[in-house]
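Heads up: the structure comes next, in structure tokens.
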Amino acid sequence: MKTSKASEFSEYLRENCPVNKASISQRKLKYGVGINNADYLTQPMVNGVQIKCPVYVVWSGMLMRVYDENKRKYNLAYADCKVCDEWLTFNNFREWYIKNHVDGYELDKDLLSPKNKIYSPDTCIFVPAWLNSFTIDCEARRGKYLIGVTWNDKRGKFVARCHDPKTKKQKNLGGFLTEQEAYTCYLTRKLEIASELRTEMDKIDIRIYPNVVYIIKNHK
């Protein structure tokens, strides 16, 4: 498997920005749990500009989603989640990242097992950003109606909309007298798009498509 550019840059930092006693002494537990045991500077200053190791950025983001209390208040999806003990140590996560990362892909814990609550080597995978955004709708942005449904005052109807990752556009699917009718239309189109994208999902991992279908059907 070809090494990602992000992994290559992380290796570059490891070779050229070694740690020193002063930098090690300043390290604290990340979000109270994460141990940064990197043998290089993960956020060095280069020509007066701070740069960050891409592996460190992903590791920190994972810990933030799970252990930052302020973030958890606004995203209840992470309320019962945790990071496995192995990945609380940076170098363990880094080793997995280097072997599995694909440029432009995001860390995901849901598509191999929809009910999964643990970030770990066995439960996570890197997937394209479009797949993440297509599969899981954001509770905070959807409003008070079912996913894919809005109310149009001028038309006096419920409107169904669905985002198509192929065109990168939100498509209006029509107006309906009831919220449930609009949602049914949205769900039908969402599943159609998922079926159209199955070949691309299978190229990543054949376990993804059936889980995407499950998530779409059960996330209202």
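The values are calculated or read from the model by the stated rules, or taken from the named source; none is laboratory data. Note that the structure is a prediction, hence the values are computed from the model and not measured. Please note: Cβ atoms are built from the backbone with ideal geometry, for glycine as well, and neighbour counts cover all protein chains shown. Protein only, heavy atoms only, side chains kept; ligands, DNA and RNA dropped before computing areas. Shrake-Rupley method; radii C 1.70, N 1.55, O 1.52, S 1.80 Å.
Rounded to the nearest 10 degrees, what's the angle between the helix 179-196 long axis and the longest principal axis of the chain, both from Cα atoms, 0 to 90?
Once rounded, the angle reads 60 degrees.
Mind ranking 188, 123, 42 by accessible surface for me, highest first, 1.4 Å probe?
Working: 188 70, 123 30, 42 10 Å².
So the residues, ranked largest to smallest area, are 188, 123, 42.
Would you mind computing the Rg to Rh ratio of the chain from its alpha-carbon coordinates, Kirkwood style for Rh?
Numbers: Rg = 20.6 Å, Rh = 19.7 Å.
Here Rg/Rh amounts to 1.05.
Note the full-extension length gain between residue 154 and residue 27 as 0.36 nm times their separation in residues minus their Cα-Cα distance, in nm to one decimal.
So the extension gain works out to 40.0 nm.
Test of understanding: what is the full-extension gain from residue 192 to residue 179, defined as 0.36 nm times their sequence separation minus their Cα-Cα distance?
Numbers: separation 13, 0.36 × 13 = 4.68 nm, distance 2.01 nm.
So the extension gain works out to 2.7 nm.
What FRET efficiency comes out for residue 15 versus residue 106 if R0 is 25 angstrom and r is the Cβ-Cβ distance? Round to the nearest 0.05.
Numbers: r = 26 Å, r/R0 = 1.05.
Computed FRET efficiency for residue 15 and residue 106 comes out at 0.45.
Comparing 38, 22, 182, which has the greatest mean-square fluctuation in the GNM of the chain with Cα pairs linked when under 10 Å apart?
Judging by the Gaussian network model, the answer is 22.
Calculated from DSSP H runs of 4 or more alone, at -39500 (n - 2.57) each and per residue, what is the 222 nm mean residue ellipticity of the chain, nearest 500? Intermediate results must be reported in sequence, preceding the final value.
Working: 10 runs with 95 residues, N = 220.
After summing the helix terms and dividing by the residues of the chain, the value is -12500 deg cm²/dmol.
Top mean-square fluctuation among 21, 168, 52, Gaussian network model of the chain, C-alpha springs under 10 Å?
Result for the chain, Cα springs under 10 Å: 21 fluctuates most.
7 Å from Cα along Cα→Cβ at both residue 91 and residue 115: what's the point-to-point distance in nm?
Label at residue 91, label at residue 115, 3.7 nm between them.
With all protein chains present and a 1.4 Å probe, how do 204, 24 order by accessible area, largest first? List each step's numbers first, then the result.
Details: 204 45, 24 90 Å².
The ranking, largest first, comes out as 24, 204.
Round to the nearest 10 and give me the degree value, 0 to 90, for the angle of helix 90-100's Cα axis relative to the longest principal axis of the chain.
60 degrees
Using alpha carbon centroids, what distance separates the stretch 157-215 and the stretch 1-70, in Å?
So the separation of the two Cα centres works out to 37 Å.
In the stretch 157-202, what is the volume of the convex hull around the alpha carbon atoms, normalised per residue and reported in Å³? Write out the running numbers ahead of the final one.
Details: hull volume 2.5 nm³, N = 46.
Each residue corresponds to 54 Å³ of Cα convex hull volume.
Roughly how tilted is helix 5-16, in degrees to the nearest 10 and between 0 and 90, from the longest Cα axis of the chain?
20 degrees
Student exercise: in the stretch 49-150, how many lysine pairs 8 or more apart or on different chains have Cα atoms under 23 Å apart?
19
Mind listing the long-range amide H neighbours of residue 40? Cut-off is under 5 Å, sequence gap 5 or more, other chains count too, H placed in the peptide plane at 1.01 Å from N.
Amide H to amide H, under 5 Å and 5 or more residues apart or across chains, residue 40 pairs with 19.
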